[in-house]
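A.B. asks: Shown below is the structure under consideration.
The values are calculated or read from the model by the stated rules, or taken from the named source; none is laboratory data. All figures in this text were calculated on a predicted structure; none of them were measured in a lab. Glycine gets a Cβ as well: all are built from the backbone with ideal geometry, and neighbour counts include every protein chain shown. Side chains are part of the model used for accessible areas, which takes the heavy atoms of the whole protein and leaves out ligands, DNA and RNA. Shrake-Rupley method; radii C 1.70, N 1.55, O 1.52, S 1.80 Å.
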Amino acid sequence: MLCAAILAAALIFCNLPTRNAEIPQDVSLGHEIGMRLPDFELETLSGDRFRLSEARGEYVIINLWATWCGPCVKELPEFEAFHQAHPEAHMLAIHSDLITEDVAAYVERLACTFPFAVDESGDVVALLGGSTVLPQTIVLDRDGFVLYNQ
């Protein structure tokens, strides 16, 4: 249910106008609300590359999850439904570096169509302010600013 509320909020944010002013060069980078998320790149399970800077101009929803996290797995179908209804938003599910089983095989059974990646080093999860407390969802506006991170 919380996931549905987060996705509803993301939908509202996705329909807000973009910032009209040019973004200053000295903007604060970070994962807190109001900060611009630093760029990162991960290889998805399908072999594509997801680079955050290439998603500028679009809303981005990032979900931190793990196969061993019951609530994470339970909310993935809601993320899939949101992705189907709003293909204009970029979505990425990132599995934490604590891997207990074959993530690719697990994701294949889920039949989700949005991209999944594994952060084997833990660097991206740390950049996003993540920890072992999962699930975590980050919503970015079209300019890469954090609207939600919990």
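A.B. asks: Just checking, does the stretch 53-65 include any residue being part of a loop (DSSP other than H, G, I, E, B), open to solvent by 40 Å² or more (accessible area, probe 1.4 Å) and touching a His at 6+ places or on another chain (Cβ under 7 Å)?
C.D. replies: yes
A.B. asks: Quick one: would you say residue 6 is within 14 Å of the chain's Cα centre (by Cα) and at pLDDT below 95? Please lay out each step first, then the result.
C.D. replies: On the way: within 14 Å of the chain's Cα centre (by Cα): yes; at pLDDT below 95: yes.
Yes; evaluated as a whole, the condition is true for this residue.
A.B. asks: Still on this structure, I have one more. Anything in the stretch 73-114 that is outside any helix (DSSP H, G or I), of a type in the set (Gly, Ala, Ser) and at pLDDT 95 or above? List them, or say none. Walk me through how you get there before you give the answer.
C.D. replies: Within the stretch 73-114, the first condition is being outside any helix (DSSP H, G or I), and the residues that meet it are 86-102, 111-114.
Within this subset, residues satisfying the condition of being of a type in the set (Gly, Ala, Ser) are 89, 93, 96, 111.
The one that is outside any helix (DSSP H, G or I), of a type in the set (Gly, Ala, Ser) and at pLDDT 95 or above: 93.
A.B. asks: Go through (1) surrounded by 16 or more Cβ atoms within 10 Å (Cβ to Cβ); (2) assigned to a loop (DSSP other than H, G, I, E, B) and name the single condition residue 133 misses.
C.D. replies: Only one criterion in (1) surrounded by 16 or more Cβ atoms within 10 Å (Cβ to Cβ); (2) assigned to a loop (DSSP other than H, G, I, E, B) is unmet by residue 133, namely (1).
A.B. asks: Quick one: how many residues across the stretch 86-129 are free of Cβ contacts under 8 Å to residues at least 60 places away in the same chain and not acidic (Asp, Glu)?
C.D. replies: Qualifying residue count, the stretch 86-129: 24.
A.B. asks: Given the criteria among the β-branched types (Val, Ile, Thr), within 15 Å of the chain's Cα centre (by Cα) and farther than 17 Å from residue 122 by Cα, does residue 27 qualify?
C.D. replies: no
A.B. asks: Next up: Since residue 83 meets every condition but one in (1) open to solvent by 40 Å² or more (accessible area, probe 1.4 Å); (2) within 17 Å of residue 137 (Cα to Cα); (3) in contact with a Phe, Trp or Tyr (Cβ under 9 Å, 6 or more places away or on another chain), which condition does it not meet?
C.D. replies: (1)
A.B. asks: For the stretch 136-150, which residues satisfy the criterion of being in a strand (DSSP E or B) and among the polar types (S, T, N, Q)? Even if it seems obvious, please write down each step before you answer.
C.D. replies: Pass one, the stretch 136-150, residues in a strand (DSSP E or B): 136-140, 145-149.
Residues satisfying the conditions are 136, 137, 149.
A.B. asks: Would you say residue 77 is open to solvent by 50 Å² or more (accessible area, probe 1.4 Å) and farther than 23 Å from residue 29 by Cβ?
C.D. replies: On the way: open to solvent by 50 Å² or more (accessible area, probe 1.4 Å): yes; farther than 23 Å from residue 29 by Cβ: yes.
Against the criterion (open to solvent by 50 Å² or more (accessible area, probe 1.4 Å) and farther than 23 Å from residue 29 by Cβ), residue 77 qualifies.
A.B. asks: Residues of the stretch 115-130 being surrounded by fewer than 18 Cβ atoms within 10 Å (Cβ to Cβ), small (Gly, Ala, Ser) and assigned to a loop (DSSP other than H, G, I, E, B), which ones?
C.D. replies: Applying the first criterion (surrounded by fewer than 18 Cβ atoms within 10 Å (Cβ to Cβ)) to the stretch 115-130 yields 120-123, 126-127, 129.
If we keep only those that are small (Gly, Ala, Ser) too, we end up with 121-122, 126, 129.
The answer is 121, 122, 129.
A.B. asks: Return yes when residue 60 is closer than 19 Å to residue 134 by Cα and modelled with pLDDT of 95 or more and no when it is not. Can you show your working first?
C.D. replies: Numbers: closer than 19 Å to residue 134 by Cα: yes; modelled with pLDDT of 95 or more: yes.
Against the criterion (closer than 19 Å to residue 134 by Cα and modelled with pLDDT of 95 or more), residue 60 qualifies.
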